[in-house]
């Protein structure tokens, strides 16, 4: 049932459901299994209308017919700006827009739907996917958007080493820890999954669009969302997104989280989903790690090093085989010596060399770098992304600085 739309249209505007076995007259639009699944996914008040219970039905057509029934609920209110109130009309519009956005739609009944995600209490009825979801073990790495430098480094190291052992890194595409987790996997050519809290065609925050582009260009990673194209993020969407982050993964690692961090919601979902939770300890009296310390006190696994995670997972996942780590170039390493005072690995006259040289005096705003260096804004942004993936620089909002090793 994976697809990108392609539905016939025209005629009366009524929509018999081919998936339910109803006859289709010439000129009428129809709903197939895919659009039945989409329609089911956008029904208002899903719990009240029995959407989750309907997932036990053998097909999307039967599930939609059972839920839609006599009540004929409308589409969820936040979709009305972009799509029709009638869920059948909206489903056909969504299938067409998804195809235009290059997004696949994978339904709960599709063979390619992640099996581990089916196990959670309220799985997304459909997933919108750009890229590839590899059928491999996954670990979620999450944490605060306002991560300190040590936590950023820990996120990169843990994510990178887990990637070296064959795990797909899952995170929420937010600033801070999420960004570091995705970048660590990308730097190694390893797969990562970014779970969006908004429409599949939008990357938020804007500062992470480069990460989104790198994921799509990698060939082995994916952006996923339960929201159709064009839907902007709303507050409850970020909370709902977290259940998918943990639901896709065998375990969740919290790198840094204060008492009110959204990462704690992801950890709670993981516990409710009967998944393993790991938390990294921070300095004593540091409120930025209060959430991590609370998790550890309440029984989460302590992750003082990546080996702590690997040993625990090896004993808990039957039959899992952890491959030997591949030799990877660590951030800042190079195989060739450099002249004193010269940027490592970047020929003179390149934007990368210019950026490193400009940052020797201290942190700079991205806009200022673009003004100072004689390259296009696009070329500077591309170079910044590459340097960040290599661990040479780090970004805090619009500020760029050399990463301290």
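See the values below:
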{"item": "In segment 175-210, the residues that are within 11 Å of the chain's Cα centre (by Cα) and surrounded by 24 or more Cβ atoms within 10 Å (Cβ to Cβ)", "result": "178, 179, 181, 182, 192, 193, 194, 195, 196, 197, 200"}
{"item": "Failed item in (1) touching a helix residue (DSSP H, G or I) at 6+ places or on another chain (Cβ under 9 Å); (2) more than 18 Å from residue 196 (Cα to Cα); (3) surrounded by fewer than 21 Cβ atoms within 10 Å (Cβ to Cβ); (4) assigned by TED's automatic domain parsing to the domain that holds residue 58, with residue 78 passing the rest", "result": "(2)"}
{"item": "Long-range neighbours under 6 Å by Cβ, at least six apart or interchain, first residue free of Cβ contacts under 8 Å to residues at least 24 places away in the same chain within segment 181-209, second surrounded by fewer than 24 Cβ atoms within 10 Å (Cβ to Cβ)", "result": "209/203"}
{"item": "Qualifying position, being within 24 Å of the chain's Cα centre (by Cα), at pLDDT 95 or above, surrounded by fewer than 21 Cβ atoms within 10 Å (Cβ to Cβ) and not assigned by TED's automatic domain parsing to the domain that holds residue 220, among 106, 120", "result": "120"}
{"item": "Residue tally, condition surrounded by fewer than 22 Cβ atoms within 10 Å (Cβ to Cβ) and either farther than 20 Å from residue 97 by Cα or modelled with pLDDT of 95 or more (or both), over segment 223-247", "result": "8"}
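The values are calculated or read from the model by the stated rules, or taken from the named source; none is laboratory data. What you see is a predicted model; the values in this text were computed from it and never measured. Ideal geometry is used to build each Cβ from the backbone, glycine not excepted, and the neighbour counts take in all protein chains shown.
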